[in-house]
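The values are calculated or read from the model by the stated rules, or taken from the named source; none is laboratory data. Not measured: the values here are computed from a predicted model. Using ideal geometry, Cβ is built from the backbone for each residue, glycine included, and neighbour counts are taken over all protein chains shown.
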Amino acid sequence: MKSAKQNIIARVGHGSIDTIWSMGAIARFLLQILWRSGTSLRRFSLVIREIYASGVRSLIIIVVSGLFVGMVLALQGYQTLETYGSEQSLGILVALSLVRELGPVVSALLFASRAGSAITAEVGLMKTTEQLQAMEMMAVDPVARIIAPRFWGGVISMPLLAAIFSMVGVYGGYLIGVVLLGVDEGAFWSQMQSAVSLRQDVLNGVIKSIVFGFAVTTIALYEGYDSMPTAEGISRATTRTVVNSSLAILALDFVLTAFMFKGM
Amino acid sequence: MERAALDFWVGLFVIAGFAALMGLALKVSNTNGFGGSSSYQVEASFDNIGSLKVHAPIKSAGVVVGRVSKIQFDNKTFQADVTLKLDSRFAFPKDTSASIMTSGLLGEQYLALDAGGDSKNLANGDKIKLTQSAVVLENLISQFLYSKASDAPKNNSNQGAAAPALPGTNP
């Protein structure tokens with residue numbers, strides 16, 4: 001005889017065991033990928049194909065959203081800075097917020113929904129149509145042949161996409177701030193350069209985007225590899241990829257920011 | 001997709017990515033972050049540091065020559081001990097004075113170094129003896145009001161006495 005209270009406690013326990021179990025499974029999956037990625041690094045054309053699929057094809061959405069994020073930052077920032085008569089600092093505002101936070105985070109979120117979901121659906125469908133088992137039958141390791149190239153493709157693409165996002169965003173801010181709103185061009189760039197430091201800001205942003213690249217591609221591949229081999233299973237796995245990797249990006253971003261900019 | 005076209009697009013993407021990184025490094029940020037270059041540390045004690053922060057710039061003649069690396073309260077002298085990290089490319093005489101200034105009216109505070117005339121230079125671990133505290137706006141206003149009030153009967157005599165008590169006000 002179980003009471004309702006016991007039931008609730010049991011459900012909490014079940015949920016936490018499940019969560020910890022899946023985190024362990026993802027970690028083991030990541031180790032397995034790293035262990036067996038020798039083939040994909042030797043046959044680099046496999047990785048190049050995946051860089052095309054996840055990097056080049058995400059380029060348009062990254063460039064367009066980077067441009068608009070930069071332009072909106074400049075418009076909004078100008079309104080506020082103008083109140084204090086310090087619209088010259090617009091360059092600092094745009095560059096710091098892009099390089100430190102928005103560049104890595106927003107491009108990782110876009111990458112998760114654009115490339116991560118595609119990876120999950122692809123791997124999930126391969127599992128559903130038993131292509132992965134067929135490879136194993138032919139003594140081809142599916143982790144080495146299918147998973148690892150996609151992993152490295154994503155990990156290489158992510159920091160490049162984040163850098164492009166930030167740079168395009170800065171130019172978007174320039175377009176609105178200098179060309180449209182008439183902030184002095186020299187002040188815009190020189191104040192930006194004096195406030196943004198290469199090591200503190202740019203390098204930390206790049207480190208962030210590399211970490212996000214690892215997280216997003218690992219989650220996407222795991223969800224695809226682990227999906228139920230049905231049509232519904234693939235759709236659920238794709239949803240889980242986007243939700244879980246977005247949450248992982250935001251959580252990791254908080255932790256990384258707390259460590260990186262603690263003493264600022 | 002054909003192999004050559006694939007290589008082309010990926011190459012273009014990678015070049016664009018690295019160009020963006022280079023752009024961020026060269027156009028957006030400053031490379032002289034005092035990270036790699038060697039530095040030496042000097043100490044200075046202040047009665048009041050205002051809102052000076054760790055990492056605040058140290059300027060001499062308006063040029064950044066280092067950063068504040070540590071701020072501590074000394075419980076014996078009841079002063080703030082500030083540790084200055086100066087770039088070792090720049091040497092300052094031993095009788096250099098340090099003062100806390102504000103950039104703009106309400107801007108961030110920085111440490112200004114005024115070079116002295118001593119023939120010996122500051123070395124690692126030395127202490128700057130001549131210091132000038134931050135200007136606290138409330139004190140400034142109250143002193144101004146006080147001097148205004150005492151100015152009213154005898155006009156010019158108090159002006160000179162009030163001026164030295166207001167560090168950093170003379171242009």
Count of the range A:215-264 residues which are over 18 Å from the mean Cα position of the chain (by Cα), under 14 Å from A:Pro104 (Cβ atoms) and among the small types (Gly, Ala, Ser): 0
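Quick grid of which residues meet (1) free of Cβ contacts under 8 Å to residues at least 40 places away in the same chain; (2) on the phi > 0 side of the Ramachandran plot; (3) among the hydrophobic types (A, V, I, L, M, F, W, C):
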position	(1), (2), (3)
B:Ile49	no, no, yes
B:Leu52	no, no, yes
B:Ser60	no, no, no
B:Val63	yes, no, yes
B:Phe73	yes, no, yes
B:Leu84	no, no, yes
B:Asp95	yes, no, no
Can you work out which of the residues in the range A:182-198 that are part of a helix (DSSP H, G or I) and within 7 Å of another protein chain (Cβ to nearest Cβ) is surrounded by the fewest Cβ atoms within 10 Å (Cβ to Cβ)? A:Ser194
Which residue, of A:Glu50, A:Glu101, is under 17 Å from the mean Cα position of the chain (by Cα) and surrounded by 22 or more Cβ atoms within 10 Å (Cβ to Cβ)? A:Glu50
For A:Ala148, state whether it is closer than 28 Å to A:Tyr222 by Cβ, in contact with a Lys or Arg (Cβ under 9 Å, 6 or more places away or on another chain) and either surrounded by fewer than 24 Cβ atoms within 10 Å (Cβ to Cβ) or away from chain B (no Cβ under 13 Å) (or both). yes
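Okay, residues lined up against (1) surrounded by fewer than 17 Cβ atoms within 10 Å (Cβ to Cβ); (2) modelled with pLDDT under 90; (3) in contact with an Asp or Glu (Cβ under 9 Å, 6 or more places away or on another chain):
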| residue | (1), (2), (3) |
| --- | --- |
| B:Gly23 | no, yes, no |
| B:Ser37 | yes, yes, yes |
| B:Phe73 | yes, no, yes |
| B:Thr83 | yes, no, yes |
| B:Ala91 | yes, yes, no |
| B:Asp95 | yes, yes, yes |
| B:Tyr110 | no, yes, no |
Identity of the residue in the range B:48-71, of a type in the set (Val, Ile, Thr) and surrounded by fewer than 18 Cβ atoms within 10 Å (Cβ to Cβ), that ends up nearest to the chain's Cα centre (by Cα): B:Val64
